[in-house]
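The values are calculated or read from the model by the stated rules, or taken from the named source; none is laboratory data. Keep in mind that what you see is a predicted model, and the values were worked out from it rather than measured. When we count neighbours, we look across all protein chains shown, and the Cβ atoms used for this are built from the backbone with ideal geometry, even at glycine. What goes into the accessible areas is simple: the full protein's heavy atoms, side chains included, and nothing from ligands, DNA or RNA. Shrake-Rupley method; radii C 1.70, N 1.55, O 1.52, S 1.80 Å.
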Amino acid sequence: MTTVIAFILMFGLLVFVHEFGHYYVAKKTGMLVREFAIGFGPKVFSTVKNETLYTIRLLPMGGYVRVAGEDPEIIDIKPGQHIGLTFNDSGEVNQIIVNNKAKHPDAFVIEVEHIDLDHALTIEGYEMNEEEKYSFQVNEKASFIMDEKATQIAPYDRQFASKTVGQRALQLFAGPLMNFVLTVVIFLILANIQGVPVEDVRIGSVVDNSPAQEAGFQSGDTVIEIEGKSISKWEEFQEVVEASPNEPLEMIVLRDNQQVPLEVTPALIETPEQDVGQVGVTLALEKSFIRTIPYSIEETYRWSTLILTNLGKLVTGQFSIDMLSGPVGIYDATDQVVKTGLMNFLTWTAVLSVNLGIINLLPLPALDGGRLIFVGLEAVRGKPIDPQKEGVVHFIGFALLMLLMIVVTWNDIQRLFL
């Protein structure tokens, strides 16, 4: 149950932060946000506030912010169609009854001759069996009523396509950006709670029954020399140790202002890439408020670089698709991390957040990065790509991504249960 709660909170936070980035910029630039959704599939919870439908959906496979104009409008009224109209106190149309007009006896029914809900916001038509022509002004927040369900109209200036290239690019980029911001914030919290790594090679803890404990290492020791070569950075220490599995290393540590010689043989640790050495020590941490901000940014950059490197190996075939994990695999990993404590769970959340940001920026159709490519092409060409062609590309991309998700999830299930 602890893992279930932790996974729900983590998933909800990551998706909420990402989608909030899209939502916030859309609202600030005047776009009509039709829906803010966490998850996909059937609705579990929904509420409407300030023009937007907020939903929590059943399948934990992401989320979305649906902005008017990104997809073809659901309702398209044609000349010759019979519709019912209701009016506000100012005489403007505030409801357009598309069907079931008998349930709205007070509605004024007309046969549409001309309708413009993008720019002029006007409806022209004739009353049933009458020759007199009517012209009505439509309120900019009027609603379609179809199957007794209201959908707000979207004048062109409230649609995604009406905004400048810069505004649209920012709206698309804001989601991944918020994931990077969340990662920095989590590492900032961790740094203030745990401290930041010291700048020398000072030992924080020694693992029980490890090569370091057998060699006589103690917490607080500062490694100053390995095999006769001076070292001053933890990265130098790691590099030598990892490159020397099962090889004895002569080290000198500073303990109580005295130099103490030690010999340690790193244990052999097998990894998917190569075998490495490990002695079983951690770097010491210190409380330093001044260093927390640069540390949190550095950690975000470090994890971003690692994720990009692994993605490159996946593309070049150095990593197999079987190594990818979907929601099931992430849940299993979360279960293992939760058992190790809150600090590791927060670190895991930060890593998944930056991973989500990077994945969404990949130049693949249906992802934010793919849509940014089309906005960039428009900026270069000076005119947009045909929306129908772009829609087809994104639809195919989304279908392929869903197929990949199914394959990855099946692989996760096989690893766990078969």
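Selection within region 114-166: residues that are among the aromatic types (Phe, Trp, Tyr) and within 18 Å of Ala26 (Cα to Cα). The member of this set that is least open to solvent (accessible area, probe 1.4 Å) is Phe160. Each residue in region 254-289 was checked for being farther than 21 Å from Pro197 by Cβ, of a type in the set (D, E, K, R) and assigned to a strand (DSSP E or B), and 1 of them qualify.
Note on region 99-113: among residues that are over 18 Å from Tyr126 (Cβ atoms) and open to solvent by less than 50 Å² (accessible area, probe 1.4 Å), the one that is nearest to the chain's Cα centre (by Cα) is Asn99.
Among the residues of region 199-228, just one is within 16 Å of Gly277 (Cβ to Cβ), part of a loop (DSSP other than H, G, I, E, B) and of a type in the set (D, E, K, R), namely Glu227.
Only a single item in (1) surrounded by fewer than 19 Cβ atoms within 10 Å (Cβ to Cβ); (2) within 18 Å of Ile153 (Cβ to Cβ); (3) not aliphatic (A, V, I, L, M) is not met by Glu70, and it is number (1).
Of the residues contained in region 367-384, one or more are found to be open to solvent by 60 Å² or more (accessible area, probe 1.4 Å), farther than 24 Å from Ala68 by Cβ and among the aliphatic types (A, V, I, L, M).
What tally of residues in region 336-371 results from selecting those that are polar (S, T, N, Q) and within 14 Å of the chain's Cα centre (by Cα)? Here the count works out to 4.
Restricting region 242-287 to residues that are over 16 Å from Gln213 (Cβ atoms) and polar (S, T, N, Q), the residue that is surrounded by the most Cβ atoms within 10 Å (Cβ to Cβ) is Ser244.
Can you name every one of the strands (runs of 3 or more DSSP E) wholly within region 25-144 that holds 2 or more residues which are over 30 Å from Arg168 (Cβ atoms) and touching a Lys or Arg at 6+ places or on another chain (Cβ under 8 Å)? Don't jump to the end; show me each part of the working.
Values: elements: 33-49, 52-67, 82-87, 93-97, 108-116, 122-127.
Correct list: 33-49, 82-87, 108-116, 122-127.
Checking each residue in region 125-147 for being more than 18 Å from Gln81 (Cα to Cα) and charged (D, E, K, R) picks out Glu140, Lys141.
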